[in-house]
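The values are calculated or read from the model by the stated rules, or taken from the named source; none is laboratory data. Only a predicted model underlies this, so the values are computations on that prediction, with no experimental measurement involved. Positions of Cβ are backbone-derived with ideal geometry, glycine not excepted, and every protein chain shown enters the neighbour counts.
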Ligand SMILES: N[C@@H](Cc1ccc(O)cc1)C(=O)O
């Protein structure tokens, strides 16, 4: 399979501007291709992985990815897929976000030894452009009638769109032209909503470099879940790549919890497992779905790709501890990952009688109930059942002096943090 056939098999192609042309170009050449991301937030999330996984596949197939961080475009805001005008971010915010995204991108693209890739920021070729140069040299290349017909703009004509956002497609087109001229970039890829911006860039390249300039566009379908809900969003919000925002454990759990109806699609889309491996897992989903082997494999592959071997190790240790209830061996950091989202409270270092302590920590409603639960063996402290109502519980029971995990009943967990720890 060549890379395009592989992408087709993976379900990762939505539209192409010139399928045959691109296939022929790739057959004979190492292609430089780019995908851009705007620094509208301080971390990538898994939605971003959709086009960037494709970029990575090109890299693994021996081509040359160019990652564009949109320091300029991010300060404007892409109207694609947005029903309303956005608020502008401060330039400091954009810069700060850009730095963080660049770091995450390096982590994803530098993994390969001798990795051949470039990272650029469109602020570099946009910041010194004067208004008159822009209007005289670039604006003349754009026809307002054509621009208005692009979906992105057309869908906003009712609700309104500022000149600023209207101009966004010009900036992205300038990027494609700039990279075509300076980095020999021949292909831009992006999510399905980027079709208008990508084709607009191709039109600009054809006007500048001639109608037969070899340049292509390819978009990737929007990821849909089988139950119709939005991919990549959970009750807790987006799934971030930044381990401070979504811990490796939560990240692992997200993939582990995918439905049978979605898991094979995600294996194809997001992992680097081969066709043979994925087909074998697909059979397992059909023959022994209760084992959830495909989900486990998906979670392992994704967690290792984003958080490395140590991130996966943490995630698996915490998952196992939560499953067995045996949490005494977890580190404080692992406790934070696994229990950080559970109800919790802060308690003083000093000891107190367990029955009272549970009430003070907000875990039990009354001392009577507290004593009853302890006597019935429903209270576990750091995984250990405790049936002594008078037990003196204090900071000395805490994991690394910091956390006491209380379990009430089968699986109600509470995280108690020791004051000042
Ligand atoms: N418009 C793209 C990001 C982008 C920015 C600049 C480019 O040159 C290319 C892509 C998005 O919102 O996803």
For residue 315, state whether it is part of a helix (DSSP H, G or I), touching a helix residue (DSSP H, G or I) at 6+ places or on another chain (Cβ under 8 Å) and not assigned by the TED database to the domain that holds residue 246. no
Which of the following residues is within 16 Å of the ligand (Cβ to nearest atom), under 28 Å from residue 164 (Cα atoms) and without any contact (Cβ under 8 Å) to a residue 40 or more places away in the chain: 70, 81, 74, 47? 74
Candidates 376, 341, filtered to the one that is under 33 Å from the mean Cα position of the chain (by Cα) and either under 30 Å from residue 254 (Cβ atoms) or loosely packed, with under 15 Cβ neighbours inside 10 Å (or both): 341
Which one is farthest from the ligand (Cβ to nearest atom) among residues in region 196-228 that are within 30 Å of residue 259 (Cα to Cα) and at pLDDT 95 or above? 218
For region 149-167, what are the residues that are over 14 Å from residue 86 (Cα atoms) and either surrounded by fewer than 14 Cβ atoms within 10 Å (Cβ to Cβ) or not assigned by the TED database to the domain that holds residue 74 (or both)? 149, 151, 154, 157, 158
Would you check if residue 330 is within 29 Å of residue 235 (Cα to Cα), outside the structural domain of residue 244 (by the TED database) and assigned to a helix (DSSP H, G or I)? no
Looking only at residues that are without any contact (Cβ under 8 Å) to a residue 60 or more places away in the chain and within 11 Å of the ligand (Cβ to nearest atom) in region 177-195, which one is surrounded by the fewest Cβ atoms within 10 Å (Cβ to Cβ)? 178
Collect the residues in region 109-166 that are touching a residue at least 60 places away in the same chain (Cβ under 8 Å) and in a strand (DSSP E or B), keeping them in residue-number order. 118, 120
Name the residue that is farthest from residue 50 (Cα to Cα), counting only residues in region 180-212 that are outside any helix (DSSP H, G or I) and under 29 Å from the mean Cα position of the chain (by Cα). 184
Taking region 5-38 as the search range and keeping residues that are within 16 Å of the ligand (Cβ to nearest atom) and out of contact with any strand residue (DSSP E or B) (no Cβ under 6 Å at 6 or more places or on another chain), which one is farthest from residue 180 (Cα to Cα)? 38
In the same structural domain as residue 170 (by the TED database), away from the ligand (no atom under 13 Å from the Cβ) and within 20 Å of residue 301 (Cα to Cα): is that true of residue 102 in this structure? no
Scanning region 374-407 for residues that are in contact with a helix residue (DSSP H, G or I) (Cβ under 8 Å, 6 or more places away or on another chain) and in a helix (DSSP H, G or I) gives 374
What are the pairs, 6+ residues apart or on separate chains, where a residue within region 371-393 that is assigned by the TED database to the domain that holds residue 412 and over 13 Å from residue 358 (Cβ atoms) has its Cβ under 6 Å from a residue that is at pLDDT below 90 and surrounded by fewer than 13 Cβ atoms within 10 Å (Cβ to Cβ)? 382/328; 383/328
Does residue 237 satisfy being more than 16 Å from the ligand (Cβ to nearest atom), in the same structural domain as residue 106 (by the TED database), surrounded by fewer than 18 Cβ atoms within 10 Å (Cβ to Cβ) and within 23 Å of residue 87 (Cβ to Cβ)? no
So residue 320, is it assigned to a helix (DSSP H, G or I), surrounded by fewer than 19 Cβ atoms within 10 Å (Cβ to Cβ) and modelled with pLDDT under 95: yes
